[in-house]
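Below is one structure, written out as structure tokens; comments come after it.
The values are calculated or read from the model by the stated rules, or taken from the named source; none is laboratory data. Just so it is clear, the model here is predicted, and its values are computed rather than measured. Every residue, glycine as well, gets a Cβ built from its backbone with ideal geometry; the counts of neighbours run over all protein chains shown. Calculation scope for accessible area: heavy atoms of the full protein, side chains included, ligands and nucleic acids excluded. Shrake-Rupley method; radii C 1.70, N 1.55, O 1.52, S 1.80 Å.
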Amino acid sequence: PGLIDSHEHLATPPNRRQAEASLRRDLYGGVTAVRDMADDLRSVAELTRASRRGEIAAPDIYYAALMAGPSFFADPRTIAVSYGYPPGKTPWMQAIDGRTDLREAITLARGTSATAVKIYANLPGPLVKRIAAEAHRQGLQVWAHAAVYPATPAQVIAARPDAISHACSLAHQVSGTPESYQARTPMDAAPVLAGDNPAIASLLARMKAQGTILDATTSLYSHLDAQAAADPGARRPLCSGPMSDALVRQAWKAGVEIAAGTDWVAPHDDPWPTLHHELRALVRLGMPPLQVLRAATLGGARAAGQAADMGVIEPGRLANLIVTTRDPAADIANLETLELTVKRGREYRRADFRPLTREEMADIE
């Protein structure tokens, strides 16, 4: 089946040229769908429409409207994605507190044509639960960070989200959950690296029982480690690559459904989608290639709420598939023997891929 990147950001801030270039690399690299995890949805909605009509070479896009506590909206990214409006006061990024009319807030989010509400930061556990319940009542998916600050991972999972992002953030259940997202206090890796952690095991058991999917994003933390190593003055990342890998390994062994997401963008001179980095990282931490492929297909489809249409190849599903000359279930590197991607029945041959230019992707380097 076509691959699915379960965690991208296409418009923070909006840059149509860059987004189209990144999406083109995705599609010609075998990615037929992505989850956009909250951006300026005015831009993302247009990309979604253009992709669906085949006007641009791009995967299908399923996106979220974001909700966070009012104190989060001092973040400069929220200014960039709300241009023309006060941050926290748009249908695609709303500041929520105990006085918010959640029926109205979720209705506004639905008006963006979002697939989901993303519960992000600076919200207490009881309010996370109320947002999730109302979103589900109105037919939206619920995607959340594993920790919402001060809401703990246990409180987030108890709200029964459809998917949670960033395995590393599960460690806040052990190290403590700061009062706000902005604290960004690096966590102690020792309790996680010492072996399967019992507090984490309890979280994972609940996730498995209720079907909550883990959008792992483990390659992100190795990427951040590399950036920090290159700049001795940089702030230490919240979580390390080995710590994230250990948590993903424990989740996979516990039977939690894994989805393969990235949350970072490879440099312009990488000819393959960033998702390939995530898949290689999942193999390195011990997942067999066939299970990694499942995470990037059926797991991604379930995380996006699209399993009725994609994630497997069978009658009645969308014609989203890839053809390789060698078997990636034997070696995940064989994905790079890609010959052909088919999205919604339309062919995109790898031989026709035009590499990205530095100018197209300048803002990420």
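See the values below:
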{"quantity": "For the chain, radius of gyration divided by Kirkwood radius, i.e. Rg to Rh on alpha-carbons", "calculated": "0.94"}
{"quantity": "Where Rh is the Kirkwood radius over Cα pairs, Rg/Rh for region 178-236", "calculated": "1.04"}
{"quantity": "Region 1-102 shape via C-alpha gyration tensor axes, a/c threshold 1.5", "calculated": "prolate"}
{"quantity": "Efficiency of FRET between Q138 and E46 - r from beta-carbon atoms, R0 25 angstrom, step 0.05", "calculated": "0.55"}
{"quantity": "Cα gyration tensor shape of region 174-313, rounded if a/c is under 1.5, else prolate or oblate by comparing a/b with b/c", "calculated": "oblate"}
{"quantity": "Modelled FRET efficiency - R0 30 Å, A201 with A74, Cβ distances, 0.05 increments", "calculated": "0.25"}
{"quantity": "nm² value of the averaged projected area, convex hull over the Cα atoms of region 134-199", "calculated": "4.8"}
{"quantity": "In Hz, Karplus ³J(HN,Hα) per residue of region 65-82 (6.51, -1.76, 1.60; θ = phi - 60°; x = Gly, Pro)", "calculated": "8, 9, 10, 8, x, x, 5, 5, 7, 7, 4, x, 5, 6, 5, 5, 9, 10"}
{"quantity": "Accessible carbon and sulfur surface of the chain relative to its total accessible area, %, 1.4 Å", "calculated": "52"}
{"quantity": "Sequence-distant aspartates and glutamates (8 or more away, or on other chains) whose Cα lies within less than 16 Å of K129", "calculated": "D97, D101, D162"}
{"quantity": "Probe 1.4 Å, accessible area per residue of the chain, Å²", "calculated": "40"}
{"quantity": "Contact order normalised by residue count of the chain, Cα under 8 Å, 6+ apart, percent", "calculated": "19"}
{"quantity": "Centroid-to-centroid separation of region 126-171 and region 1-54 [C-alpha atoms, Å]", "calculated": "24"}
{"quantity": "Net dipole in debye of the chain [+1 Lys, Arg Cβ; -1 Asp, Glu Cβ; about Cα centre; nearest 20]", "calculated": "820"}
